[in-house]
C-alpha cells in the first residue's frame, strides 16, 4: 500500500478505507481528533479509559498499546488491532475502521428550557434543540453532554446520560442527572447551568432498547437509572404495548424516590404495568417494599424463565441484579442494559 500522506499542519487519519480523511495534530488522542471533525465515538467515561466503549480498529499507526487498553481489551481484541480511541494516539501513518453508523452521529446545540428538582440530589434538565431543531433516537439510548472548561476542569469533557424524555417529542431532550460529589460534569450541571443557558450534546449512542418479543419484562433501576426506563415506558404507552412489565425502582430513603406521579400515569394507560418502589432505609410508617431493590426482585418471583430484564444503575447494582435473575432461571442473553463506568 502507498504511504499515507502527511500535512504540514498535522497528520492524516484515513477512516474506513477513505470514506473520510481527516487532519489532526500528532499525539492527540484519536477520540479527540475525531470529535474535532464532528465524528463522535461513544465514551461514557470522558476519555479516561474506564468504560471501554470507544473501540476502533487501527489498521496502521496508533503507537504502542497503553496500560488502560491492556486492562480493557482482551488478548484476542488486541491481536485483531482493536484499540481504545481515548488512549490511542494520532501518528503520521494512521488508518482506522469504525462502524459506519457512527459517521451519522450528530452534535446538537441546545438551550436549557427547564430544570426540575426530582430529589435532593437529582435534577431533570429539559434541553430544547436549537441546531439541528429535531432529533430521532431509539428509546433506551443515551447522549453525551459537554462540560466546558470551568474552575473544576481545565479541559472540555463529555459525559454520557440516558435519555428520559418521551420519544414523540423530537424538539427537546430530557436528562435525569444525579449529583456525584466531586464529579466534574454533575457539579457543573448543578451549580452552573440555569434556564436559558446553551449546552452541547452529541449522539445518540447505545444499543439498549426493547426487544421485539412479547416476553414479560422485569425492569430494575436505582437513582438516575430511572431515565432510560422512563423513556421505554413512554414508548410503550405511545405504541399501545400490552406486554407484562414490573418496574422495581430502588432508593435509599423515601425522599430519594421520584417520578411517582408519572409512574402512576403509566399504570393507568399500560394495562399490565406494575410499579414497585423499594426503599432501603425507610421510616417506620413506610408500607412499601423494604431493603435492596435486588432483594425485592428475589422475593417477588418464583421463576423468571421466559422473562426478559431491562436494567440501569451502578455496575454493582447491575451485577447483583444479574445474579438474582440468573438464580431464578433467566439467562444472561435475556438481560439488557448499558453498563456505565
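The values are calculated or read from the model by the stated rules, or taken from the named source; none is laboratory data. None of these values were measured; they are calculated from a predicted model. FYI the Cβ positions are ideal-geometry reconstructions off the backbone, even for glycines, and counts take in every protein chain you see.
Overview of values
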read-out	value
Any hit, segment 190-197, residues being on the phi < 0 side of the Ramachandran plot, surrounded by 17 or more Cβ atoms within 10 Å (Cβ to Cβ), in contact with a strand residue (DSSP E or B) (Cβ under 6 Å, 6 or more places away or on another chain) and not in a loop (DSSP other than H, G, I, E, B)	no
Qualifying helices (runs of 4 or more DSSP H) (wholly inside segment 247-341; at least 2 residues being over 22 Å from residue 236 (Cβ atoms) and either free of Cβ contacts under 8 Å to residues at least 12 places away in the same chain or within 25 Å of the chain's Cα centre (by Cα) (or both))	293-300, 315-327
Single unsatisfied condition, residue 70 versus (1) surrounded by fewer than 20 Cβ atoms within 10 Å (Cβ to Cβ); (2) within 19 Å of residue 28 (Cα to Cα)	(2)
Residues (under 19 Å from residue 224 (Cβ atoms) and not in a strand (DSSP E or B)) located in segment 108-141	120, 121, 137, 139, 140, 141
Count of residues meeting criterion [surrounded by 21 or more Cβ atoms within 10 Å (Cβ to Cβ) and closer than 17 Å to residue 228 by Cα] in segment 155-170	7
Tally, over segment 171-182, of residues that are surrounded by 14 or more Cβ atoms within 10 Å (Cβ to Cβ) and touching a strand residue (DSSP E or B) at 6+ places or on another chain (Cβ under 8 Å)	8
Qualifying residues in segment 142-151 (those that are surrounded by 15 or more Cβ atoms within 10 Å (Cβ to Cβ) and in contact with a helix residue (DSSP H, G or I) (Cβ under 8 Å, 6 or more places away or on another chain)) - the one farthest from residue 52 (Cα to Cα)	147
Qualifying positions in segment 54-86 - under 20 Å from the mean Cα position of the chain (by Cα) and either under 17 Å from residue 37 (Cβ atoms) or touching a residue at least 24 places away in the same chain (Cβ under 8 Å) (or both)	54, 55, 56, 84, 85, 86
Members of segment 208-231 that are buried (at least 24 other Cβ atoms within 10 Å of the Cβ) and more than 16 Å from residue 276 (Cβ to Cβ)	224, 227, 228, 231
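Quick grid of which residues meet (1) under 17 Å from residue 164 (Cα atoms); (2) touching a strand residue (DSSP E or B) at 6+ places or on another chain (Cβ under 6 Å); (3) modelled with pLDDT under 95; (4) not assigned by TED's automatic domain parsing to the domain that holds residue 120:
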site: 233; (1), (2), (3), (4): yes, no, no, yes
site: 249; (1), (2), (3), (4): yes, yes, no, yes
site: 259; (1), (2), (3), (4): yes, no, no, yes
site: 264; (1), (2), (3), (4): yes, no, no, yes
site: 273; (1), (2), (3), (4): no, yes, no, yes
site: 292; (1), (2), (3), (4): no, no, no, yes
